[in-house]
Amino acid sequence: MTSTAALTSALDGLRDAGSGRSLIELGWIADPRLQNGRAVFRLSLPGFAHSQQDRIAAEARAALLALDGVDDVQIELAPQAPGSHAGAPIGAAGHGPGPGPGGQLPDAQPIPGVRQVIAVSSGKGGVGKSTVAVNLACALAQQGLRVGLLDADIYGPNAPTMLGVVDQTPQVRGEGASQVLTPIETCGIAMVSMGLLIAENQPVIWRGPMLNGIIRQFLYQVEWGERDVLVVDLPPGTGDAQLTVAQAVPMAGVVIVTTPQQVALADARRGLAMFLQMGVPVLGVVENMSAFIPPDAPDRRYALFGSGGGQRLATEAGVPLLAQLPLEMPVREGGDAGVPVVLSAPEAATARAFSALAEAVMTATRSPVAA
């Protein structure tokens, strides 16, 4: 007759696709037992691993049915911990309360130990939002602040590459839905990203409720410790991720990233208007790629994408223009090498602009603009 030990051994071969760790070791599979020829175990997946459920179930059934004396398999799906499950976006129709005065939910919860949350957002992709978020976080840390970086761009997590930690996996404490992640410490900041939890080429194919769940886990189920600032790199657009962060946690404000050309400005206006409509303070506008500085002629500036767009957007919205960041080779080189430009080339014009941006952002948090 098959023993509990045999069931455990068979299930121990199942692995998390992202970290490669045993699902039993992670606590996602527990309490295997045999009941009248039926193998039973409990499956408890955190939100970020929910996309693996069908694959895990199929592999578990195959492994257990191969054992002598096992005629059937029953999987018990454990309930998720409150606030960590992949539920519908808060404030969506039919799913809980909407935002109260000031845009925050009445029960918005601060993150223990985190003094303030600053989001970096853009209306469209390709404007360098993640580059701004990563370098802003590093520049704030250079000023002596304790900084965390939450990469909330779940579908396109680029922060691990820019910070040189694509081969690292966060440590996990606890079991199932109550697990807590330890952020990766690098470049003077603590960071978490979906890119640390999935294989390099694995797509994230999730609907809004699952996206909501993993972002909430990154907010509340990470050992952030004592942080002066948590920088949140939001995905482009005006969707579920922005709603989740804006409504779940009190925010010091948001930085809007754009490039000077009209197409980027049109989308940035929509993103900025969304935050103002939700009552989230807008700290200001960052115009990225404002001018190209050629490496062989550092005194020259070429406005490849036009000029003045960031200032127009800021003036229209009545918010500060926080920075005009030039486009230089060291920015791309630092991002590809995993050492942001503020660390890899601190004397570069863009690195100096990022340092000034960090100071401007902290000044703006003391006098933000809200609807």
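Numerical summary
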{"read-out": "Centre separation in Å (Cα based) which lies between region 218-273 and region 154-181", "value": "19"}
{"read-out": "Label zone at residue 2 (point 7 Å along Cα-to-Cβ), backbone N below 18 Å, region 23-47", "value": "23-24, 29-43"}
{"read-out": "Net lengthening on full extension, residue 321/residue 202 (0.36 nm per residue, minus Cα-Cα)", "value": "39.1 nm"}
{"read-out": "Residues with amide H under 5 Å from that of residue 321, placed H, sequence gap 5 or more", "value": "285"}
{"read-out": "Pairwise label distance in nanometres, residue 55 with residue 226, each label 7 Å out on the Cα-Cβ vector", "value": "4.1"}
{"read-out": "Dipole in debye (nearest 20) - region 240-371, about Cα centre, beta carbon charges: Lys, Arg +1; Asp, Glu -1", "value": "360"}
{"read-out": "Two-decimal Rg to Rh for region 4-77 - Kirkwood Rh, Cα set", "value": "0.94"}
{"read-out": "Vicinal HN-Hα couplings computed from phi for region 227-234 (Karplus, 6.51 cos²θ - 1.76 cosθ + 1.60; Hz; Gly/Pro x)", "value": "10, 6, 9, 10, 8, 10, 8, 7"}
{"read-out": "For region 98-220, convex hull volume per residue from C-alpha positions, Å³", "value": "146"}
{"read-out": "Value of Rg/Rh across the chain [Cα atoms, Kirkwood radius]", "value": "1.04"}
{"read-out": "Ascending count of other beta-carbon atoms within 10 Å, so fewest first, for 182, 238", "value": "182, 238"}
{"read-out": "For the chain, size of Cβ-based charge dipole, Lys and Arg +1, Asp and Glu -1, in debye", "value": "820"}
{"read-out": "Neighbour-count order for 289, 329, 362, fewest beta carbons within 10 angstrom listed first", "value": "329, 362, 289"}
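Since every read-out is calculated from the coordinates, none of them should be taken as a lab result. Worth saying up front: this structure is predicted, and the values here are computed from it rather than measured. A quick note on method: Cβ atoms are made from the backbone with ideal geometry, for glycine too, and the neighbour counts reach across all protein chains shown.
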